[in-house]
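Report on the structure given below.
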Amino acid sequence: MKDNAIVFKGTKEGLYIVLKEEMDFEDILQQLEEKIKPSKKFFEGAKITNLKGKRLTPKEFEELVGVLENQYDMEYLGDYESLYSYVNGVKEEDKNRLNQVQITNQNNGQEEKAFFVKGTVRSGQLIKSDGNIIILGDVNPGAYLEAVGSIMVMGNMRGIAHSGTQGDYNTFIAAFRLEPMQLRIGDIITRSPDGKKYKSEVPEMAVVRRGMIIVEPIWGRNS
Amino acid sequence: MGEVIVITSGKGGVGKTTTAANIGTGLALEGKSVVLLDADIGLRNLDVVMGLENRIVYDLVDVVEGICRMKQALIKDKRYTNLYLMPAAQTKDKNAVNPEQMLKLTKDLAEEFDYVLVDCPAGIEQGFKNAIAGANRSIVVTTPEVSAVRDADRIVGLLEAHGLRNPQLIINRVKIDMVRRGDMMNIDDMVDILAIDLLGVIPDDEYIVISTNRGEPAISDSKSLAGQAYKNIVKRILGENVPFMNLDPEEGFMAKLAKAFGFRRK
Ligand SMILES: Nc1ncnc2c1ncn2[C@@H]1O[C@H](COP(=O)(O)OP(=O)(O)O)[C@@H](O)[C@H]1O
Ligand SMILES: [Mg+2]
(Lines give C-alpha, C1' and ligand atoms only; values in the text may rest on other atoms or scores of the structure.)
(Ligands and ions follow the chains in the order given, each with its own letter.)
Protein backbone atom coordinates (compact mmCIF):
# COMPACT_ATOMS: atom_id res chain seq x y z
CA MET A 1 0.00 0.00 0.00
CA LYS A 2 1.46 3.27 -1.11
CA ASP A 3 -1.57 5.24 -0.07
CA ASN A 4 -0.34 6.80 3.07
CA ALA A 5 3.29 7.31 2.18
CA ILE A 6 2.80 10.91 3.20
CA VAL A 7 0.24 12.55 5.42
CA PHE A 8 -0.27 16.24 6.03
CA LYS A 9 -1.24 17.39 9.45
CA GLY A 10 -2.20 20.83 10.58
CA THR A 11 -1.27 22.65 13.76
CA LYS A 12 -1.78 26.23 14.81
CA GLU A 13 1.66 27.16 13.54
CA GLY A 14 1.32 25.48 10.18
CA LEU A 15 1.48 22.08 8.54
CA TYR A 16 3.79 19.21 9.13
CA ILE A 17 4.30 16.20 6.95
CA VAL A 18 4.52 12.63 8.15
CA LEU A 19 6.58 10.38 5.88
CA LYS A 20 5.96 6.68 6.21
CA GLU A 21 9.03 4.87 7.50
CA GLU A 22 9.19 2.00 5.05
CA MET A 23 8.62 4.01 1.88
CA ASP A 24 11.27 4.63 -0.74
CA PHE A 25 12.12 8.23 -1.30
CA GLU A 26 10.96 7.89 -4.92
CA ASP A 27 7.53 6.76 -3.79
CA ILE A 28 7.33 9.64 -1.38
CA LEU A 29 8.01 12.15 -4.11
CA GLN A 30 5.47 10.48 -6.34
CA GLN A 31 2.79 10.54 -3.67
CA LEU A 32 3.54 14.12 -2.88
CA GLU A 33 2.68 14.93 -6.44
CA GLU A 34 -0.45 12.78 -6.41
CA LYS A 35 -1.67 14.33 -3.23
CA ILE A 36 -0.88 17.96 -3.75
CA LYS A 37 -1.53 18.42 -7.45
CA PRO A 38 -5.32 18.12 -7.28
CA SER A 39 -5.45 20.39 -4.24
CA LYS A 40 -2.64 22.71 -5.22
CA LYS A 41 -4.48 25.92 -4.54
CA PHE A 42 -5.14 24.91 -0.96
CA PHE A 43 -1.45 24.53 -0.32
CA GLU A 44 -0.12 27.64 -2.00
CA GLY A 45 1.67 29.70 0.58
CA ALA A 46 1.39 26.97 3.21
CA LYS A 47 4.05 26.95 5.87
CA ILE A 48 5.56 23.54 6.57
CA THR A 49 6.90 23.51 10.07
CA ASN A 50 8.22 20.01 10.36
CA LEU A 51 8.83 16.64 8.77
CA LYS A 52 8.17 13.53 10.78
CA GLY A 53 8.48 9.80 10.29
CA LYS A 54 11.07 8.49 7.84
CA ARG A 55 14.45 10.05 8.31
CA LEU A 56 15.78 11.61 5.14
CA THR A 57 19.38 12.01 4.06
CA PRO A 58 20.53 15.60 3.59
CA LYS A 59 20.26 15.15 -0.16
CA GLU A 60 16.73 13.77 -0.02
CA PHE A 61 15.75 16.53 2.36
CA GLU A 62 16.98 19.16 -0.03
CA GLU A 63 15.18 17.58 -2.92
CA LEU A 64 11.92 17.33 -1.03
CA VAL A 65 12.04 20.90 0.22
CA GLY A 66 12.95 21.99 -3.29
CA VAL A 67 9.85 20.32 -4.68
CA LEU A 68 7.63 21.77 -1.96
CA GLU A 69 8.92 25.29 -2.43
CA ASN A 70 9.40 25.47 -6.17
CA GLN A 71 6.61 23.32 -7.52
CA TYR A 72 3.93 23.95 -4.96
CA ASP A 73 4.75 27.39 -3.58
CA MET A 74 4.98 26.20 -0.02
CA GLU A 75 7.50 27.40 2.46
CA TYR A 76 9.59 25.14 4.62
CA LEU A 77 10.50 26.75 7.93
CA GLY A 78 13.79 25.47 9.33
CA ASP A 79 16.72 23.46 8.12
CA TYR A 80 18.03 19.92 8.05
CA GLU A 81 20.08 20.17 11.24
CA SER A 82 17.37 21.51 13.49
CA LEU A 83 14.84 19.15 11.94
CA TYR A 84 16.51 15.98 13.04
CA SER A 85 17.86 17.15 16.34
CA TYR A 86 14.25 18.03 17.11
CA VAL A 87 12.34 15.14 15.63
CA ASN A 88 14.32 12.48 17.39
CA GLY A 89 13.43 13.77 20.78
CA VAL A 90 9.73 14.17 20.14
CA LYS A 91 7.10 11.53 20.29
CA GLU A 92 4.42 11.62 17.69
CA GLU A 93 1.63 13.27 19.58
CA ASP A 94 -1.98 13.36 18.48
CA LYS A 95 -1.50 10.28 16.40
CA ASN A 96 -4.82 8.73 17.24
CA ARG A 97 -6.82 11.88 17.33
CA LEU A 98 -6.65 12.36 13.61
CA ASN A 99 -7.87 10.32 10.77
CA GLN A 100 -4.88 10.10 8.56
CA VAL A 101 -6.82 10.81 5.46
CA GLN A 102 -5.78 11.06 1.91
CA ILE A 103 -6.19 14.14 -0.15
CA THR A 104 -8.48 13.55 -3.06
CA ASN A 105 -10.68 15.80 -5.08
CA GLN A 106 -14.27 15.00 -4.44
CA ASN A 107 -17.70 15.83 -5.69
CA ASN A 108 -16.39 17.45 -8.82
CA GLY A 109 -19.42 17.53 -11.04
CA GLN A 110 -21.08 14.92 -8.90
CA GLU A 111 -24.45 15.17 -7.30
CA GLU A 112 -24.15 16.15 -3.68
CA LYS A 113 -26.45 15.09 -0.93
CA ALA A 114 -27.22 16.84 2.31
CA PHE A 115 -28.36 15.55 5.65
CA PHE A 116 -30.80 17.86 7.43
CA VAL A 117 -31.21 18.00 11.17
CA LYS A 118 -33.85 20.16 12.76
CA GLY A 119 -33.38 21.11 16.40
CA THR A 120 -30.54 21.42 18.88
CA VAL A 121 -27.60 19.04 18.57
CA ARG A 122 -26.55 18.43 22.16
CA SER A 123 -23.42 17.44 24.04
CA GLY A 124 -22.46 13.84 23.32
CA GLN A 125 -24.48 13.61 20.12
CA LEU A 126 -22.76 12.83 16.82
CA ILE A 127 -24.21 13.70 13.42
CA LYS A 128 -22.44 11.92 10.57
CA SER A 129 -23.02 12.17 6.85
CA ASP A 130 -21.30 10.94 3.72
CA GLY A 131 -22.56 14.11 2.06
CA ASN A 132 -23.13 17.57 3.50
CA ILE A 133 -24.73 18.41 6.84
CA ILE A 134 -27.23 21.20 7.39
CA ILE A 135 -28.38 21.90 10.92
CA LEU A 136 -31.49 23.99 11.44
CA GLY A 137 -30.72 24.87 15.01
CA ASP A 138 -27.82 25.17 17.44
CA VAL A 139 -24.88 22.83 17.88
CA ASN A 140 -23.93 22.83 21.56
CA PRO A 141 -20.51 22.41 23.18
CA GLY A 142 -19.55 18.74 23.22
CA ALA A 143 -21.61 17.88 20.13
CA TYR A 144 -19.91 16.47 17.02
CA LEU A 145 -20.62 16.97 13.32
CA GLU A 146 -18.74 14.87 10.77
CA ALA A 147 -19.36 15.33 7.05
CA VAL A 148 -17.57 13.99 4.03
CA GLY A 149 -18.80 17.21 2.44
CA SER A 150 -19.47 20.64 3.92
CA ILE A 151 -21.34 21.76 7.03
CA MET A 152 -23.82 24.58 7.45
CA VAL A 153 -25.32 25.45 10.82
CA MET A 154 -28.30 27.78 10.79
CA GLY A 155 -27.73 28.75 14.40
CA ASN A 156 -24.90 28.77 16.93
CA MET A 157 -22.10 26.33 16.19
CA ARG A 158 -20.41 25.79 19.54
CA GLY A 159 -19.35 22.18 19.19
CA ILE A 160 -16.81 20.27 17.12
CA ALA A 161 -17.28 20.24 13.36
CA HIS A 162 -15.29 18.20 10.86
CA SER A 163 -15.89 18.72 7.16
CA GLY A 164 -14.14 16.87 4.36
CA THR A 165 -13.57 13.83 6.56
CA GLN A 166 -12.15 12.01 3.56
CA GLY A 167 -9.71 14.74 2.80
CA ASP A 168 -11.62 17.25 0.74
CA TYR A 169 -10.14 20.69 1.39
CA ASN A 170 -12.78 22.19 -0.84
CA THR A 171 -15.34 21.76 1.91
CA PHE A 172 -16.30 24.47 4.37
CA ILE A 173 -17.92 24.89 7.75
CA ALA A 174 -20.35 27.77 7.96
CA ALA A 175 -22.64 28.99 10.73
CA PHE A 176 -24.79 31.94 11.60
CA ARG A 177 -22.62 32.18 14.69
CA LEU A 178 -19.38 30.25 14.51
CA GLU A 179 -18.08 29.85 18.08
CA PRO A 180 -16.64 26.35 17.89
CA MET A 181 -14.62 24.33 20.34
CA GLN A 182 -12.74 22.89 17.38
CA LEU A 183 -12.90 22.88 13.60
CA ARG A 184 -11.42 20.29 11.27
CA ILE A 185 -11.32 20.44 7.51
CA GLY A 186 -9.74 17.36 6.00
CA ASP A 187 -6.88 16.56 8.34
CA ILE A 188 -6.27 20.15 9.39
CA ILE A 189 -7.35 21.11 12.86
CA THR A 190 -7.89 24.42 14.53
CA ARG A 191 -9.32 25.19 17.91
CA SER A 192 -10.66 28.21 19.71
CA PRO A 193 -8.05 30.13 21.64
CA ASP A 194 -7.96 29.43 25.37
CA GLY A 195 -9.29 31.98 27.78
CA LYS A 196 -11.83 34.56 26.81
CA LYS A 197 -14.77 33.16 24.90
CA TYR A 198 -14.91 34.19 21.28
CA LYS A 199 -18.15 35.90 20.36
CA SER A 200 -19.20 35.78 16.76
CA GLU A 201 -21.12 38.79 15.49
CA VAL A 202 -21.86 37.85 11.89
CA PRO A 203 -22.34 34.65 9.89
CA GLU A 204 -18.94 33.18 9.18
CA MET A 205 -17.37 30.30 7.37
CA ALA A 206 -14.19 28.34 7.81
CA VAL A 207 -12.21 27.38 4.73
CA VAL A 208 -8.69 26.16 3.98
CA ARG A 209 -6.13 28.66 2.75
CA ARG A 210 -2.37 28.15 2.71
CA GLY A 211 -2.81 24.84 4.40
CA MET A 212 -4.51 26.46 7.38
CA ILE A 213 -8.09 26.89 8.44
CA ILE A 214 -9.19 30.49 8.27
CA VAL A 215 -12.53 31.94 9.33
CA GLU A 216 -14.11 34.78 7.46
CA PRO A 217 -17.52 36.44 7.15
CA ILE A 218 -19.81 34.73 4.68
CA TRP A 219 -21.01 38.04 3.31
CA GLY A 220 -19.09 41.15 2.52
CA ARG A 221 -15.72 39.62 1.91
CA ASN A 222 -13.66 40.57 -1.12
CA SER A 223 -12.92 37.25 -2.68
CA MET B 1 -53.80 8.57 36.22
CA GLY B 2 -51.26 10.79 37.95
CA GLU B 3 -48.19 12.35 36.42
CA VAL B 4 -44.77 10.73 36.65
CA ILE B 5 -42.07 13.42 36.83
CA VAL B 6 -38.41 12.45 36.79
CA ILE B 7 -35.89 14.85 38.34
CA THR B 8 -32.51 14.45 36.73
CA SER B 9 -29.23 16.27 36.04
CA GLY B 10 -26.34 14.19 34.73
CA LYS B 11 -23.91 15.72 37.19
CA GLY B 12 -24.08 14.69 40.81
CA GLY B 13 -24.56 17.00 43.75
CA VAL B 14 -26.43 19.74 41.90
CA GLY B 15 -29.64 19.36 43.93
CA LYS B 16 -31.85 16.62 42.46
CA THR B 17 -32.70 15.08 45.79
CA THR B 18 -33.21 18.48 47.41
CA THR B 19 -35.50 19.42 44.53
CA ALA B 20 -37.49 16.18 44.69
CA ALA B 21 -38.03 16.61 48.44
CA ASN B 22 -39.10 20.24 48.14
CA ILE B 23 -41.34 19.91 45.11
CA GLY B 24 -42.92 16.80 46.59
CA THR B 25 -43.61 18.53 49.87
CA GLY B 26 -44.84 21.61 48.03
CA LEU B 27 -47.30 19.64 45.93
CA ALA B 28 -48.55 17.92 49.07
CA LEU B 29 -48.96 21.34 50.72
CA GLU B 30 -51.14 22.30 47.77
CA GLY B 31 -53.38 19.34 48.55
CA LYS B 32 -52.09 16.90 45.94
CA SER B 33 -51.34 13.28 46.72
CA VAL B 34 -47.67 12.67 46.09
CA VAL B 35 -45.21 9.80 46.21
CA LEU B 36 -41.47 10.39 46.16
CA LEU B 37 -39.71 7.50 44.48
CA ASP B 38 -36.00 7.24 45.26
CA ALA B 39 -34.43 5.64 42.17
CA ASP B 40 -30.88 6.18 43.39
CA ILE B 41 -30.42 2.53 44.29
CA GLY B 42 -27.35 1.91 46.42
CA LEU B 43 -26.98 5.59 47.32
CA ARG B 44 -30.35 6.45 48.73
CA ASN B 45 -30.76 9.67 50.62
CA LEU B 46 -34.19 11.06 49.83
CA ASP B 47 -35.31 9.31 53.03
CA VAL B 48 -32.71 11.24 55.02
CA VAL B 49 -33.65 14.57 53.48
CA MET B 50 -37.29 13.81 54.34
CA GLY B 51 -36.34 12.71 57.85
CA LEU B 52 -37.88 9.26 57.34
CA GLU B 53 -34.82 7.03 57.29
CA ASN B 54 -35.57 5.18 60.51
CA ARG B 55 -38.98 4.01 59.27
CA ILE B 56 -37.76 2.00 56.32
CA VAL B 57 -38.68 -1.67 56.29
CA TYR B 58 -39.21 -2.47 52.62
CA ASP B 59 -37.85 -0.69 49.58
CA LEU B 60 -38.30 -0.33 45.84
CA VAL B 61 -36.30 -3.47 45.03
CA ASP B 62 -38.42 -5.51 47.43
CA VAL B 63 -41.53 -4.38 45.56
CA VAL B 64 -40.05 -5.15 42.16
CA GLU B 65 -38.89 -8.57 43.32
CA GLY B 66 -42.27 -9.34 44.83
CA ILE B 67 -40.94 -9.63 48.36
CA CYS B 68 -43.61 -7.19 49.56
CA ARG B 69 -46.70 -5.46 48.20
CA MET B 70 -46.37 -1.95 46.83
CA LYS B 71 -48.25 -0.40 49.76
CA GLN B 72 -45.92 -2.01 52.29
CA ALA B 73 -42.95 -0.10 50.90
CA LEU B 74 -44.72 3.26 51.03
CA ILE B 75 -43.67 5.34 54.01
CA LYS B 76 -46.14 7.98 55.10
CA ASP B 77 -44.62 11.40 55.71
CA LYS B 78 -44.68 12.57 59.32
CA ARG B 79 -46.19 16.00 58.55
CA TYR B 80 -48.38 15.66 55.48
CA THR B 81 -50.99 12.94 55.22
CA ASN B 82 -50.99 12.89 51.42
CA LEU B 83 -47.21 12.57 51.01
CA TYR B 84 -45.40 9.23 50.75
CA LEU B 85 -41.90 7.99 50.09
CA MET B 86 -40.82 4.77 48.45
CA PRO B 87 -37.16 4.39 49.40
CA ALA B 88 -34.37 2.91 47.29
CA ALA B 89 -32.55 -0.20 48.40
CA GLN B 90 -29.28 0.60 50.08
CA THR B 91 -27.54 -2.76 49.85
CA LYS B 92 -28.24 -3.50 46.17
CA ASP B 93 -26.99 -1.82 43.06
CA LYS B 94 -28.62 -0.21 40.05
CA ASN B 95 -28.75 -3.47 38.12
CA ALA B 96 -31.15 -4.93 40.67
CA VAL B 97 -34.02 -3.50 38.60
CA ASN B 98 -34.57 -2.93 34.90
CA PRO B 99 -36.50 -0.27 32.96
CA GLU B 100 -39.51 -2.54 32.32
CA GLN B 101 -39.92 -3.14 36.04
CA MET B 102 -39.64 0.59 36.72
CA LEU B 103 -42.22 1.32 34.05
CA LYS B 104 -44.66 -1.03 35.73
CA LEU B 105 -43.93 0.30 39.20
CA THR B 106 -44.40 3.96 38.25
CA LYS B 107 -47.57 3.07 36.37
CA ASP B 108 -48.96 1.30 39.43
CA LEU B 109 -48.03 4.27 41.62
CA ALA B 110 -49.60 6.74 39.18
CA GLU B 111 -52.88 4.86 39.62
CA GLU B 112 -52.84 5.82 43.30
CA PHE B 113 -51.25 9.26 43.37
CA ASP B 114 -51.61 12.62 41.61
CA TYR B 115 -47.84 12.91 41.32
CA VAL B 116 -45.02 10.39 41.24
CA LEU B 117 -41.70 12.22 41.62
CA VAL B 118 -38.70 10.11 40.65
CA ASP B 119 -35.33 11.14 42.13
CA CYS B 120 -32.78 10.09 39.52
CA PRO B 121 -29.18 9.03 40.25
CA ALA B 122 -26.27 10.93 38.67
CA GLY B 123 -24.87 9.64 35.40
CA ILE B 124 -26.33 8.28 32.19
CA GLU B 125 -26.06 4.56 32.83
CA GLN B 126 -28.53 1.93 34.00
CA GLY B 127 -29.76 3.97 36.96
CA PHE B 128 -30.68 6.85 34.69
CA LYS B 129 -32.44 4.54 32.25
CA ASN B 130 -34.40 3.02 35.11
CA ALA B 131 -35.41 6.39 36.50
CA ILE B 132 -36.74 7.79 33.22
CA ALA B 133 -38.44 4.59 32.08
CA GLY B 134 -41.92 5.44 33.31
CA ALA B 135 -41.75 9.23 33.26
CA ASN B 136 -44.10 11.37 31.23
CA ARG B 137 -42.56 14.64 32.31
CA SER B 138 -38.99 15.59 33.22
CA ILE B 139 -37.14 18.26 35.14
CA VAL B 140 -33.44 18.89 34.57
CA VAL B 141 -31.52 20.47 37.45
CA THR B 142 -28.27 22.30 36.89
CA THR B 143 -26.07 24.76 38.74
CA PRO B 144 -24.63 27.86 37.06
CA GLU B 145 -21.38 26.10 36.15
CA VAL B 146 -20.13 25.19 32.70
CA SER B 147 -19.61 21.53 33.59
CA ALA B 148 -23.08 21.10 35.08
CA VAL B 149 -24.70 22.82 32.11
CA ARG B 150 -22.76 20.60 29.72
CA ASP B 151 -24.03 17.49 31.51
CA ALA B 152 -27.54 18.91 31.60
CA ASP B 153 -27.35 19.36 27.83
CA ARG B 154 -26.31 15.74 27.42
CA ILE B 155 -29.22 14.67 29.59
CA VAL B 156 -31.72 16.77 27.65
CA GLY B 157 -30.53 15.05 24.48
CA LEU B 158 -30.99 11.63 26.07
CA LEU B 159 -34.41 12.54 27.46
CA GLU B 160 -35.54 13.75 24.05
CA ALA B 161 -34.19 10.61 22.42
CA HIS B 162 -36.28 8.67 24.92
CA GLY B 163 -39.41 10.54 23.94
CA LEU B 164 -39.47 12.98 26.86
CA ARG B 165 -39.93 15.94 24.60
CA ASN B 166 -40.16 19.01 26.79
CA PRO B 167 -37.87 18.83 29.79
CA GLN B 168 -38.04 21.83 32.10
CA LEU B 169 -35.03 23.50 33.63
CA ILE B 170 -34.24 24.38 37.24
CA ILE B 171 -31.10 26.39 37.88
CA ASN B 172 -30.04 25.74 41.46
CA ARG B 173 -27.51 27.34 43.81
CA VAL B 174 -27.45 30.74 42.17
CA LYS B 175 -25.25 32.86 44.41
CA ILE B 176 -26.68 36.23 45.19
CA ASP B 177 -23.39 38.03 45.71
CA MET B 178 -22.07 36.59 42.45
CA VAL B 179 -25.10 37.91 40.64
CA ARG B 180 -24.33 41.27 42.19
CA ARG B 181 -20.72 41.17 41.01
CA GLY B 182 -21.69 39.91 37.58
CA ASP B 183 -19.47 36.85 38.05
CA MET B 184 -22.18 34.30 37.62
CA MET B 185 -22.90 32.39 34.48
CA ASN B 186 -25.65 34.33 32.78
CA ILE B 187 -29.06 32.69 33.21
CA ASP B 188 -30.13 33.79 29.75
CA ASP B 189 -27.04 32.13 28.27
CA MET B 190 -27.82 28.87 30.05
CA VAL B 191 -31.42 28.87 28.88
CA ASP B 192 -30.21 29.81 25.40
CA ILE B 193 -27.80 26.88 25.22
CA LEU B 194 -30.12 24.30 26.71
CA ALA B 195 -33.05 25.60 24.69
CA ILE B 196 -35.67 24.29 27.11
CA ASP B 197 -38.24 26.07 29.28
CA LEU B 198 -37.09 27.52 32.56
CA LEU B 199 -39.12 26.23 35.47
CA GLY B 200 -37.32 28.18 38.14
CA VAL B 201 -34.17 29.58 39.71
CA ILE B 202 -33.17 28.60 43.24
CA PRO B 203 -30.75 30.74 45.23
CA ASP B 204 -27.87 29.19 47.08
CA ASP B 205 -29.21 29.18 50.60
CA GLU B 206 -27.59 27.85 53.74
CA TYR B 207 -31.05 27.16 55.03
CA ILE B 208 -31.14 24.22 52.62
CA VAL B 209 -28.28 22.61 54.52
CA ILE B 210 -29.91 23.32 57.87
CA SER B 211 -33.26 21.97 56.77
CA THR B 212 -31.69 18.94 55.09
CA ASN B 213 -29.94 18.06 58.32
CA ARG B 214 -33.22 18.42 60.18
CA GLY B 215 -35.07 16.31 57.66
CA GLU B 216 -37.52 19.13 56.93
CA PRO B 217 -37.63 20.42 53.36
CA ALA B 218 -36.98 24.18 53.12
CA ILE B 219 -40.25 24.80 51.30
CA SER B 220 -42.16 24.42 54.54
CA ASP B 221 -40.30 27.37 56.08
CA SER B 222 -41.30 30.86 55.00
CA LYS B 223 -37.92 32.30 56.09
CA SER B 224 -36.00 30.33 53.49
CA LEU B 225 -35.30 32.09 50.19
CA ALA B 226 -34.79 28.76 48.44
CA GLY B 227 -38.05 27.54 49.97
CA GLN B 228 -39.86 30.51 48.44
CA ALA B 229 -38.32 29.78 45.07
CA TYR B 230 -39.48 26.16 45.31
CA LYS B 231 -42.98 27.40 46.14
CA ASN B 232 -43.03 29.28 42.86
CA ILE B 233 -41.84 26.20 41.01
CA VAL B 234 -44.64 24.13 42.52
CA LYS B 235 -47.14 26.74 41.37
CA ARG B 236 -45.71 26.61 37.88
CA ILE B 237 -45.93 22.82 37.86
CA LEU B 238 -49.58 23.20 38.76
CA GLY B 239 -50.01 25.49 35.79
CA GLU B 240 -50.05 28.86 37.51
CA ASN B 241 -48.34 31.72 35.78
CA VAL B 242 -45.78 33.05 38.27
CA PRO B 243 -43.65 35.99 37.01
CA PHE B 244 -40.13 35.25 35.85
CA MET B 245 -36.73 36.72 36.18
CA ASN B 246 -35.62 39.49 33.92
CA LEU B 247 -31.99 40.51 33.79
CA ASP B 248 -32.79 43.96 32.58
CA PRO B 249 -29.68 46.08 33.26
CA GLU B 250 -31.84 49.16 33.77
CA GLU B 251 -33.34 47.70 36.89
CA GLY B 252 -31.93 48.09 40.36
CA PHE B 253 -30.23 45.09 41.87
CA MET B 254 -32.85 44.30 44.48
CA ALA B 255 -35.62 44.58 41.93
CA LYS B 256 -33.71 42.28 39.66
CA LEU B 257 -33.18 39.77 42.39
CA ALA B 258 -36.74 39.95 43.55
CA LYS B 259 -37.81 39.27 40.01
CA ALA B 260 -35.22 36.56 39.60
CA PHE B 261 -36.75 34.58 42.38
CA GLY B 262 -40.26 35.50 41.59
CA PHE B 263 -41.06 37.67 44.62
CA ARG B 264 -43.61 40.34 44.39
CA ARG B 265 -42.32 43.85 45.08
CA LYS B 266 -43.94 45.52 48.06
N1 LIG C 1 -29.99 25.84 46.86
C2 LIG C 1 -29.07 25.27 47.65
N3 LIG C 1 -28.39 26.01 48.54
C4 LIG C 1 -27.45 25.45 49.34
N5 LIG C 1 -27.14 24.14 49.33
C6 LIG C 1 -27.77 23.34 48.46
C7 LIG C 1 -28.78 23.85 47.58
N8 LIG C 1 -29.22 22.82 46.83
C9 LIG C 1 -28.55 21.72 47.22
N10 LIG C 1 -27.67 22.02 48.21
C11 LIG C 1 -26.77 21.09 48.87
O12 LIG C 1 -25.98 20.45 47.88
C13 LIG C 1 -25.75 19.10 48.22
C14 LIG C 1 -26.18 18.18 47.10
O15 LIG C 1 -27.58 18.26 46.95
P16 LIG C 1 -28.45 17.00 46.51
O17 LIG C 1 -29.85 17.46 46.44
O18 LIG C 1 -28.15 15.82 47.37
O19 LIG C 1 -27.87 16.77 45.06
P20 LIG C 1 -28.05 15.51 44.09
O21 LIG C 1 -29.25 14.76 44.51
O22 LIG C 1 -28.19 16.14 42.73
O23 LIG C 1 -26.79 14.72 44.19
C24 LIG C 1 -26.50 18.84 49.50
O25 LIG C 1 -25.58 18.92 50.56
C26 LIG C 1 -27.50 19.97 49.56
O27 LIG C 1 -27.80 20.31 50.89
MG1 LIG D 1 -29.37 12.62 45.02
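The values are calculated or read from the model by the stated rules, or taken from the named source; none is laboratory data. Keep in mind that what you see is a predicted model, and the values were worked out from it rather than measured. Every residue, glycine as well, gets a Cβ built from its backbone with ideal geometry; the counts of neighbours run over all protein chains shown. The accessibility values were calculated without ligands, DNA or RNA, using every heavy atom of the protein model including side chains. Shrake-Rupley method; radii C 1.70, N 1.55, O 1.52, S 1.80 Å.
For beta carbons closer than 9 Å, sequence separation of 6+ or different chains, a first residue in segment B:178-203 that is more than 14 Å from chain A (Cβ to nearest Cβ) and a second that is among the basic types (Lys, Arg), the qualifying pairs are B:VAL179/B:LYS256; B:ASP183/B:LYS175; B:MET184/B:LYS175; B:LEU199/B:ARG236; B:GLY200/B:ARG236; B:ILE202/B:ARG173; B:PRO203/B:ARG173; B:PRO203/B:LYS175.
Going through (1) modelled with pLDDT of 90 or more; (2) surrounded by fewer than 13 Cβ atoms within 10 Å (Cβ to Cβ) one by one, B:MET190 falls short only on (2).
Would you point out the residue of segment B:23-40, among those that are away from ligand 1 (no atom under 11 Å from the Cβ) and open to solvent by 10 Å² or more (accessible area, probe 1.4 Å), that is farthest from the other protein chains (Cβ to nearest Cβ)? Residue satisfying both the conditions and the ranking: B:GLY31. Evaluating A:GLU81 against the criteria (1) in the same structural domain as A:ILE135 (by TED's automatic domain parsing); (2) modelled with pLDDT under 80; (3) farther than 23 Å from A:ARG191 by Cα; (4) open to solvent by 80 Å² or more (accessible area, probe 1.4 Å) leaves one unmet condition, (1). The single condition among (1) in contact with a strand residue (DSSP E or B) (Cβ under 6 Å, 6 or more places away or on another chain); (2) away from ligand 2 (no atom under 16 Å from the Cβ); (3) closer than 20 Å to B:LYS129 by Cβ; (4) in a helix (DSSP H, G or I) that B:THR17 does not meet is (2). For segment B:4-15, does any single residue satisfy the condition of being within 14 Å of ligand 1 (Cβ to nearest atom) and in contact with a Leu (Cβ under 6 Å, 6 or more places away or on another chain)? No, segment B:4-15 contains no residue that is within 14 Å of ligand 1 (Cβ to nearest atom) and in contact with a Leu (Cβ under 6 Å, 6 or more places away or on another chain). Would segment B:64-86 turn up any residue that is assigned to a loop (DSSP other than H, G, I, E, B), under 16 Å from the mean Cα position of the chain (by Cα) and within 16 Å of ligand 1 (Cβ to nearest atom)? There is no residue in segment B:64-86 that is assigned to a loop (DSSP other than H, G, I, E, B), under 16 Å from the mean Cα position of the chain (by Cα) and within 16 Å of ligand 1 (Cβ to nearest atom). State whether one or more residues within segment B:172-187 are among the small types (Gly, Ala, Ser) and open to solvent by 10 Å² or more (accessible area, probe 1.4 Å). Yes: one or more hits.
This table checks each residue for (1) more than 14 Å from chain B (Cβ to nearest Cβ); (2) touching a Ser or Thr at 6+ places or on another chain (Cβ under 6 Å).
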{"site": "A:ILE133", "(1), (2)": "yes, no"}
{"site": "A:ILE160", "(1), (2)": "no, no"}
{"site": "A:GLY167", "(1), (2)": "yes, yes"}
{"site": "A:ILE173", "(1), (2)": "yes, yes"}
{"site": "A:GLU201", "(1), (2)": "yes, no"}
{"site": "A:TRP219", "(1), (2)": "yes, no"}
